[in-house]
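The values are calculated or read from the model by the stated rules, or taken from the named source; none is laboratory data. As the structure is a computational prediction, the values presented were derived from the model and not from experiment. Positions of Cβ are generated from backbone atoms using ideal geometry, with glycine treated the same way; all protein chains shown enter the neighbour counts.
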Amino acid sequence: LPLFQHFINLFFIVVITSSFKFFREYLRKQALLIKVENEQLKTELALLKSQVNPHFLFNTLNNLYGLITQNQNQQASDVTLKLADLMRYLLESSKTDLVNLNKEIQFIDDYLSLEKIRLSQKTDINFTVSGMNKELFVAPLLFIPLVENAFKHGLNTILADSFAHFSLSVQGNELFFEAINSVEKSTENSEKSGTGLENLKKRLQLIYPQKHQLDIEQTSNQFKVILHIQL
C-alpha cells in the first residue's frame, strides 16, 4: 500500500508539473499571437491612415489648379498658404495615434475655408460645434473623409441652392459628427460610398470596434451621414 500511495503521489506530481509546463507554453504562444496581431493591426492602420493624405492632397490641389486657370491669383495665393497649414497638420497627425479634438476641428475649419473660396457665395457651407467643455482626444483624420465626400459627390457643380452642413457635438464621452449636403437629381442614384468612406469604415472597425456607428441616409435631394463614437 505505501508503494502504491507513493506511485499515486508521483503520478500527480508528474501530471501537475506537465500541466504547468503546457499552460506556460500556452500562455507564451498566446502572448506571441497577440503581439503578431497587434503588429498586423498597427501596420494596417498605418496603411489606411497613409491613404488619407494623397486623397486629401489631390482634391485640394485640384481646387488650387481651378483657381489658377481662372486667373484668380490672390485666391490661389491664399489657398497655397492654407494648404501649407493643412499639410503641416497631416504630417503631425500621421506620427500619433490620438490627437486633440480641438485640432481636428480646426483642421475641418481650414479645409472648409478652402472650399468656400472655390465655390459660389450662394453655396451654403457651415460647421457648428457644441459640448466641447473638456479636453478630448480622438484618432486623427476621422472626419475629413465625410467632409470631402460631401463636396466630391454633392457639390461637384455649383447650384443656387447647394449646401453642405456639418456639426460636431460631444455629450459626455459620446461624440456625434453629422454631414449633410445637397445632391443633384441627376446623380441621386449614383454610388456614394467612395474610397474615402470605405477607408473610414475599415479604420473605425480597427480603432473603435463595437464603439461606433456609421449611418448613411439618402433622399432625392440630400445625402446625410451620422458618425457616433464612444471615446
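Output the number of residues of segment 126-145 satisfying the condition of being under 17 Å from residue 178 (Cα atoms), of a type outside the set (Gly, Ala, Ser) and surrounded by fewer than 19 Cβ atoms within 10 Å (Cβ to Cβ).
5
Kindly evaluate residue 47 against the criterion of being at pLDDT below 70 and more than 25 Å from the chain's Cα centre (by Cα).
In short, no.
Does residue 83 satisfy the condition of being farther than 22 Å from residue 201 by Cα, modelled with pLDDT of 75 or more, surrounded by 13 or more Cβ atoms within 10 Å (Cβ to Cβ) and of a type outside the set (Val, Ile, Thr)?
yes
Kindly check whether there is at least one residue in segment 99-112 that is part of a helix (DSSP H, G or I), modelled with pLDDT under 85 and either touching a Pro at 6+ places or on another chain (Cβ under 9 Å) or exposed (fewer than 15 other Cβ atoms within 10 Å of the Cβ) (or both).
Scanning segment 99-112 turns up no residue that is part of a helix (DSSP H, G or I), modelled with pLDDT under 85 and either touching a Pro at 6+ places or on another chain (Cβ under 9 Å) or exposed (fewer than 15 other Cβ atoms within 10 Å of the Cβ) (or both).
List the number of the failed condition for residue 210; all other conditions in (1) among the polar types (S, T, N, Q); (2) under 13 Å from the mean Cα position of the chain (by Cα); (3) over 17 Å from residue 147 (Cβ atoms) hold.
(2) is the only condition that residue 210 fails.
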